[in-house]
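The values are calculated or read from the model by the stated rules, or taken from the named source; none is laboratory data. Note that the coordinates shown come from a computational prediction; the quantities given were computed from them, not determined experimentally. Neighbour counts are summed over all protein chains in view; Cβ atoms, including those assigned to glycine, are modelled from backbone coordinates with ideal geometry.
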Amino acid sequence: MSIDFEIPAEAKAIRAKVRQWVHDECIPAEKRLVDKESFKTVLAELRTKARAAGLWLPFIPKEYGGMGLGPLANALVQMELGESHLGALSMNSQGPDDATMLTLLAHGTEFQKEKYLKPLLNGDKRVCYSMTEKAAGADATGMQTRAVKDGNENYILNGEKWFSSAASAADMAVVMAMTDPDAPRHQRYSTFIVELPNPGYIIKRDIGTMAKEGPLSHIMGGGHSEIEIKDLVIPAENLLGGEGQGFNMGQHRLAYGRLRHGMHNVAMAQRALDMAAAHVTQRETFGKKLSERQGVQWMLADCASELYMARLMLLHIAYKAERGMDLRQENSIAKVFLAHMVHKVVDTAIQLHGALGYSTDTPLAAWYTHIRSQRLVDGPDEVHRWTVGRNVIKAYERDGTTAAAAGGDLL
Ligand SMILES: Cc1cc2nc3c(=O)[nH]c(=O)nc-3n(C[C@H](O)[C@H](O)[C@H](O)COP(=O)(O)OP(=O)(O)OC[C@H]3O[C@@H](n4cnc5c(N)ncnc54)[C@H](O)[C@@H]3O)c2cc1C
């Protein structure tokens, strides 16, 4: 299946509008954030303006109050939003909430949509996702948290969770727990909606990480919590998607999240490369501008190549998604590539800024420590490369060539 590079005029117009929104409103607003109160005020103001301008929930259907964008237009929008850390938040498009909204939309009952999805869509509440445990991460089928039915009314959960992003900022959690230890591995787990705060969902701490944290990180949902789950009572009506469906739904939500991170990376890498170019065109060493040195031009060229590949990958994946085609292989390839791409570009920008890049006078140092996690979250590099490699072998055994697993359907 070939790829059509024509971007519809409507999608181009939305991208331009979002780019302007990020530049005119979000980036200037970043400077106004100094404490919890200013964050609340600035975000509320931004969101009111965004909604009035029709910039709200880009990936959610219009009948649910969103912009109803398809995968291509949404990808173009997300590739702009990543330029500011207020971008996605301003349009209620931030992770991890976005993927859970999609899960509730696809699998929620009418009751769950009314009670839990509506306030999320409205931007009144936030939600976190508790799957990973100290006991199990990359292989989520090793989770130990148990859910036991107590009569017909409730489930009682006991166990632990680890690295639940935004738990401290969330008003509800989506928690995975084992309902049937005797079922096949992928059918043992179910998903529950938990209202927070809750005496059975104990946030023990926000885990310290290598990411540089500001006073607002946790308020904005940037923290990652360790949680004890102790005699957590959940009404049966809060079971999401039916017993045994937790794992399938988890994979469904992660698939979107993986791509969204990568899309935001394009914007961040672009901003880093722009900063690098701005710096080398004015900084002189040994009697010459840095930009006149071939070695520096090679460094910029490598970054430009990576960004170009990243954009093409995302456009191809969006193209496939528009047509409902299987994109699992491309998704895994891009997930790994985009995490390395942004790391390389930001690292290069730091290098070219010298000590200034290492300082906190530019955002580069914060970005650098923040993006390292992307090689771990939503499936570590090795697990995706394992899947991709298996598909390469399968394609060879089936077709006598590996082309189908390596973008060969483009030709
Ligand atoms: C910043 C951040 C945010 C997160 N947010 C959330 C969240 O909101 N909700 C949530 O539920 N979880 C979250 N996580 C957890 C994340 O999903 C897990 O860290 C990830 O799945 C890896 O699991 P693990 O850390 O237990 O590593 P492990 O499973 O212990 O794996 C350790 C390492 O072993 C290697 N490895 C594993 N399997 C294989 C294999 N088959 N072949 C070769 N090598 C392998 C990889 O290098 C891997 O990094 C977050 C993590 C981070 C860092």
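Some points to look at:
- Some residue of region 175-182 being modelled with pLDDT under 95, touching a strand residue (DSSP E or B) at 6+ places or on another chain (Cβ under 8 Å) and not assigned by TED's automatic domain parsing to the domain that holds E322: no
- Condition check for A395: hydrophobic (A, V, I, L, M, F, W, C) and within 16 Å of the ligand (Cβ to nearest atom): no
- Subset of region 112-140 (residues that are more than 16 Å from the ligand (Cβ to nearest atom), of a type in the set (S, T, N, Q) and in contact (Cβ under 8 Å) with a residue 60 or more places away in the chain): Q112
- Residue among T109, T141 that alone is in contact with a His (Cβ under 8 Å, 6 or more places away or on another chain), outside the structural domain of E25 (by TED's automatic domain parsing), surrounded by fewer than 23 Cβ atoms within 10 Å (Cβ to Cβ) and farther than 21 Å from A169 by Cα: T141
- Filtered by the rule that a residue be basic (K, R) and farther than 15 Å from K335 by Cα, region 357-411 gives R390, K394, R398.
- Yes/no for R146 being of a type outside the set (S, T, N, Q) and within 16 Å of the ligand (Cβ to nearest atom): no
- Scan of region 320-346 for residues that are more than 17 Å from G262 (Cα to Cα) and either hydroxyl-bearing (S, T, Y) or not in a loop (DSSP other than H, G, I, E, B) (or both), ordered by number: E322
- Counting only residues that are small (G, A, S) and either without any contact (Cβ under 8 Å) to a residue 12 or more places away in the chain or over 23 Å from H343 (Cα atoms) (or both), region 267-298 holds 3 of them.
- Among the residues of region 331-373, the ones that are modelled with pLDDT of 95 or more and among the acidic types (D, E) come to 1 in all.
- Per the listing A44, A16, the residue uniquely in a helix (DSSP H, G or I) and closer than 27 Å to V342 by Cα is A16.
- Residues that are farther than 22 Å from A318 by Cβ and either under 17 Å from the mean Cα position of the chain (by Cα) or part of a loop (DSSP other than H, G, I, E, B) (or both) within region 47-74 comprise A53, G65, listed in sequence order.
- Condition met for L300 (surrounded by fewer than 21 Cβ atoms within 10 Å (Cβ to Cβ) and under 21 Å from Q78 (Cα atoms)): no
- Among residues that are more than 16 Å from the ligand (Cβ to nearest atom), at pLDDT 95 or above and among the polar types (S, T, N, Q), T109 is included.
- Test: residue in region 345-362 that is within 16 Å of the ligand (Cβ to nearest atom) and without any contact (Cβ under 8 Å) to a residue 60 or more places away in the chain: no
- Scan of region 370-392 for residues that are more than 9 Å from the ligand (Cβ to nearest atom), surrounded by fewer than 18 Cβ atoms within 10 Å (Cβ to Cβ) and within 16 Å of H340 (Cβ to Cβ), ordered by number: none
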